[in-house]
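Visitor: My structure is below; once you've seen it, I'll send some questions.
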């Protein structure tokens, strides 16, 4: 007959073998996930690199200047558009909102834009 110790050792061998088998496939699954994550990280880095290059191109000052001249109807600030603080200053060192509103309305009228009532 088989001794009791032989059965115990055989049972332990079987349990350890099954545990190793399960651990091996768990490790293989984790390695696969790890390689997929590394691949995703690399793809993301490449996408960031492309986006930074595109951002640099889109924000090139000379390109923006050409686009602004083509699509925006803007001109340099003229002398008639500038006012001094004394023109709107009040008696207490602050500013007079009505005087400022009048100056804005005059400037808008000079530019041909409809004046807006600002209260």
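The values are calculated or read from the model by the stated rules, or taken from the named source; none is laboratory data. Given the structure is predicted, the values throughout are model-derived calculations rather than measurements. Here Cβ is always computed from backbone atoms with ideal geometry, including for glycine, and neighbour counts include all displayed protein chains.
Visitor: Give the number of residues within segment 89-115 that are part of a helix (DSSP H, G or I), modelled with pLDDT of 65 or more and either closer than 28 Å to residue 73 by Cα or in contact with a strand residue (DSSP E or B) (Cβ under 9 Å, 6 or more places away or on another chain) (or both).
Guide: So the count comes out to 12.
Visitor: Answer yes or no: is there a residue in segment 72-87 that is farther than 30 Å from residue 102 by Cα and either loosely packed, with under 10 Cβ neighbours inside 10 Å or in contact with a strand residue (DSSP E or B) (Cβ under 8 Å, 6 or more places away or on another chain) (or both).
Guide: Scanning segment 72-87 turns up no residue that is farther than 30 Å from residue 102 by Cα and either loosely packed, with under 10 Cβ neighbours inside 10 Å or in contact with a strand residue (DSSP E or B) (Cβ under 8 Å, 6 or more places away or on another chain) (or both).
Visitor: Is it the case that segment 54-68 has a residue that's part of a loop (DSSP other than H, G, I, E, B) and surrounded by 10 or more Cβ atoms within 10 Å (Cβ to Cβ)?
Guide: yes
Visitor: Here is a list of conditions, (1) modelled with pLDDT under 75; (2) part of a helix (DSSP H, G or I), and residue 24 meets all of them except one; can you say which number that is?
Guide: (1)
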